[in-house]
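Okay, so here's the structure we're looking at.
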Amino acid sequence: MANAVQLPLRERKKLDTRRRIFEVASHLFVDLGVQDTTIEAIAKAANVSKPTFFNYFSGKQEVLRELMTRMDEEFVSYILHSVATGHSTQQRLQLLMTQSGQHIQRRPDMTKLLLIEGMSDLGCPTVETSRMSILNDAMATLVERGRREGDIDTKFSIELQVQILVGGYLYGLLNWLSGDLKELDKTLQETALFLAEALAPR
């Protein structure tokens, strides 16, 4: 098997620097909050100058947006995995909730941060519409498969059913924000069962 093409040393160093800045900023956001994290603090912790920070990011909000994008992409991957491997809508939703719960358990503080900061996007229609569109499109694949296989009611629109699924999941997470991490798995599994039953044909 041929070795993968390796980037030139200069490019590897640039990628490493960007990754270091990103990771340092992520940790500071969790420890201090986004508002109280300064560019100076990020640069110092990443062992770079302030101008070097701006060579890679326009500001801390760009780092935050990338964190949110990664979280969205992760969740979409869980949806698509559940569609590919589940044998019913109920099982797909349970798989989705299990993977989401495991993801949150790994970094609960980061998830809480991004959920709280993400709510501020509600005042920015362009950003919020784009994020929700990606999530809704992925969830629509789960709904469409369930409708084809007969375990999701076809009397209602796909758009409404997607709204119910996404809304149920997000509401569970918002409740968890002020609750106990130990209850998260139980809450998500109960949510999966309830949503599967709510969408089933009557």
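Some observations on this one:
- When the stretch 154-202 is filtered for residues that are modelled with pLDDT of 85 or more, among the charged types (D, E, K, R) and under 19 Å from S82 (Cα atoms), the ones remaining, listed by number, are E190, E197.
- Members of the stretch 135-162 found to be surrounded by 14 or more Cβ atoms within 10 Å (Cβ to Cβ) and in contact with a Ser or Thr (Cβ under 9 Å, 6 or more places away or on another chain), listed by number: A138, L142, V143, R145, G146, R147, D151, I152
- Unmet criterion (only one of (1) at pLDDT 95 or above; (2) closer than 30 Å to E190 by Cβ; (3) of a type in the set (A, V, I, L, M)) for A41: (2)
- Of the helices (runs of 4 or more DSSP H) contained entirely in the stretch 23-113, those carrying at least 2 residues that are touching a helix residue (DSSP H, G or I) at 6+ places or on another chain (Cβ under 9 Å) and of a type in the set (K, R) fall at 60-85.
- Test: residue in the stretch 7-24 that is surrounded by fewer than 14 Cβ atoms within 10 Å (Cβ to Cβ) and either touching a Gly at 6+ places or on another chain (Cβ under 9 Å) or of a type in the set (S, T, N, Q) (or both): no
The values are calculated or read from the model by the stated rules, or taken from the named source; none is laboratory data. Quantities reported herein were computed from a predicted structural model and do not represent experimental measurements. Every residue, glycine among them, receives a Cβ derived from its backbone with ideal geometry; neighbour counts consider all protein chains shown.
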